[in-house]
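Inspection log for the structure reproduced underneath, given as structure tokens.
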Amino acid sequence: MAVPDGVFKNIRVYWLAFIVYWGIVLFGYDTGIGGGVVNNSYFQEHFGLFDANGKKNTARVNEVSSNVVSVLQAGAFFGALGSAPLSAKIGRKYTLFAFSVIFVVGAILTTVASSPTTGLGEIYAGRVISGIGIGAISAVAPAFVSECSPKDVRGRITGCFQIMVAVGVMISYFINFGVGIHIVRSVNIWRIPFGFQLVPAGIMCFGLLTVKESPRWLASVDRHKEALDNLAYLRREPIDSESVLAELAEIDAAIMEERESRKGLGLKEAFFGKGNFVRFAIAFTIFLLQQWAGQNSVNYYAPQIFASIGFTGTKNSLLASGIYGVVKVVATALFIFFGVETLGRRLSLFISAMGMGTLFFIIGAILKTHPPPSTDANVAAPDPPPASKAMAAMLYIYVCFYSMGWGPLPWVYVSDIFPTRTRHYGLALASSSQWLWNFVVSKVTPDMITNLGYKIFLMFATVNIGAMAVFSLLIPETKGRSLEEMDVIFGSISAEQRQADIDRQQNGNLDHGEEKHSQRSDSVDAKV
């Protein structure tokens, strides 16, 4: 029985995204797990973060907390850059497999750490190695998914990246919550959170054996028969389908143009060729701004953030963090499936930035006028005061605005704008920018929470409205445009020349299809 076109037409692309994005669950999980682990009092005591008088050394805790979080970003920065040449040479699928294995090595190292004298060093080393894997995965995965997705649902499928990030963050919060309230004094306080990383990593490693290589990458390395077969497989169409041949013709036309324009030139042309530099500038800037939106400061140090606004005590701060993670997953999923292809990229980013900035200004004002009682985050406390509950509610609304724009859309937008031959470089630069500023933000956030107080929210609010909202209005709209149309949008080629190239390639593919049909007919006649 035929499967209805409107229901399961793109099921193979969704399956590919589901498998590939388990690596992105790791991205979210590892960004959320570090701050909660270090915030546990037994972890601090075990690794010597208490003074001789038995009190927590806040400066030392901030240092270790920022190190545990930020060394992951440092490794990810180099992993993202290193993924580009490997992805170009061996393809998207096997690059992801190789770096997922690297991630597993790092995860094992952090999990087995236990010695009070060498354990922190093992955790740092494991986080760096895991970061190399995550950085490469974050660069290659969206390119792989984008290259395999049809243009009418590309934004929705590519945007699942952010849903999986949010799922990973949410899982990390609730694992920290469960460990925090059920395990008091045991190495399992960090072994369980770090060991859980092996679950999504394993799913991804085995799942990659069930998916096909990117047709666009295959075409870019002249493996045209495989490109046609894989494209037809993903679209659930016969290889002589007119729509498949037309899509492959558009891909081939773009690749042919890129080769002609770069003939005899090297990497310099890839970055500075006509219409290219502005794409790399957008990719770098959009992630610089995303990291200074304030969201990742909340992600990494949610227990500390909620404690700073009055949710004191381990249970209160971790539970508030867990609820924040649930709200983020739901809001991100709703936007990706119902909004990303409706509002468009620019309008979504603008509304998102304005909403986030407004809410941060409100939180900062409430925190200034109604500061919570000063108590230790690890000491049981009464219910948070009404002002603290209001600020928590504002953070929950804030993450809804983040999830409708600046959370998922930078990845969607950057995956949109690069041509096939430079997409791996574009995604590598974007991802490395994301990890570079991720590293900076995660390194300075603990001290900013301690030293700035309410001013940290005012700072993020200013960035949201003064920089991110303005940037949103300056970039081109890409909704509903094919990946190959981006060259026209960014001025690499005229619309007339692109159409002429498409017609020439399509005529060649149709002739090839007619030739194969004729050969099959001759074969049938011979058998008869």
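The values are calculated or read from the model by the stated rules, or taken from the named source; none is laboratory data. Worth saying up front: this structure is predicted, and the values here are computed from it rather than measured. Positions of Cβ are backbone-derived with ideal geometry, glycine not excepted, and every protein chain shown enters the neighbour counts. With ligands, DNA and RNA removed, areas are computed over all heavy atoms of the protein, side chains included. Shrake-Rupley method; radii C 1.70, N 1.55, O 1.52, S 1.80 Å.
Take Trp292: with every protein chain present and a 1.4 Å probe, its accessible area is about 50 Å².
Accessible surface computed residue by residue for the chain, with neighbouring protein chains in place and a 1.4 Å probe, gives 38 Å² per residue. Cross-link pairs exceeding 25 Å in C-alpha to C-alpha distance, out of Lys55/Lys328; Lys89/Lys225; Lys9/Lys212; Lys9/Lys151; Lys9/Lys93, comprise Lys55/Lys328. Can you tell me the FRET efficiency between Asn507 and Val278 if r is taken as the Cβ-Cβ distance and R0 is 30 Å, rounded to the nearest 0.05? For R0 = 30 Å, the calculated efficiency reads 0.40.
Compared with the dominant principal axis of the Cα atoms in the chain, helix 22-38 is inclined by about 10°. Each Cα pair under 8 Å and six or more residues apart adds its separation to the average, and for the range 9-211 the resulting relative contact order is 39 percent.
For the range 9-211, with all protein chains present and a 1.4 Å probe, just round the carbon and sulfur fraction of the accessible area to a whole percent. Carbon-and-sulfur percentage of accessible area, whole number: 69. For Ser243 and Arg223, the FRET efficiency from 1/(1 + (r/R0)^6), where r spans their Cβ atoms and R0 equals 25 Å, is about 0.75. Largest first, the three principal axis extents of the alpha carbons in the chain are 92, 51, 45 Å in whole numbers.
For the range 119-124, backbone phi angles converted through the Karplus equation (6.51, -1.76, 1.60; θ = phi - 60°) give residue-by-residue couplings of x, 5, x, 5, 5, 4 Hz, Gly and Pro being listed as x. For the range 12-17, putting each phi into the Karplus relation 6.51 cos²θ - 1.76 cosθ + 1.60 with θ = phi - 60° gives couplings of 6, 6, 5, 5, 4, 4 Hz, in residue order, rounded to whole numbers and with x for Gly and Pro.
The H on the amide N of Phe50, modeled in the peptide plane, is under 5 Å from the matching H of Asn57, each at least 5 residues off or on a different chain. Computed 3J(HN,Hα) for the range 189-200, one whole-Hz value per residue from the Karplus formula 6.51 cos²θ - 1.76 cosθ + 1.60 where θ = phi - 60°, is 4, 10, 5, 5, x, 6, x, 4, 4, 5, 5, x, glycine and proline marked x. Here the relative contact order of the range 41-141, from alpha carbon pairs under 8 Å that lie six or more residues apart, stands at 39 percent. With contacts taken as Cα pairs under 8 Å and at least 6 residues apart, the chain reaches a relative contact order of 23 percent.
Each residue was assigned an accessible area with a 1.4 Å probe, and for Arg223 the value is about 100 Å². Largest accessible area first, the listed residues Phe47, Phe206, Phe361 line up as Phe206, Phe361, Phe47 when surface is computed with a 1.4 Å probe on the assembled protein chains. Measuring nothing but protein heavy atoms, the accessible surface of the range 397-447 at 1.4 Å probe radius is 75 percent carbon and sulfur. Which percent of Cα pairs goes in each bin when the distances of the range 9-211 are cut into 10 angstrom slices starting at zero? So the P(r) values, bin by bin, are 9, 35, 31, 16, 7, 1, 0. Can you figure out the FRET efficiency of Met256 with Asp152, using R₀ = 25 Å and their beta-carbon distance, to the nearest 0.05? Efficiency for this residue pair is about 0.55.
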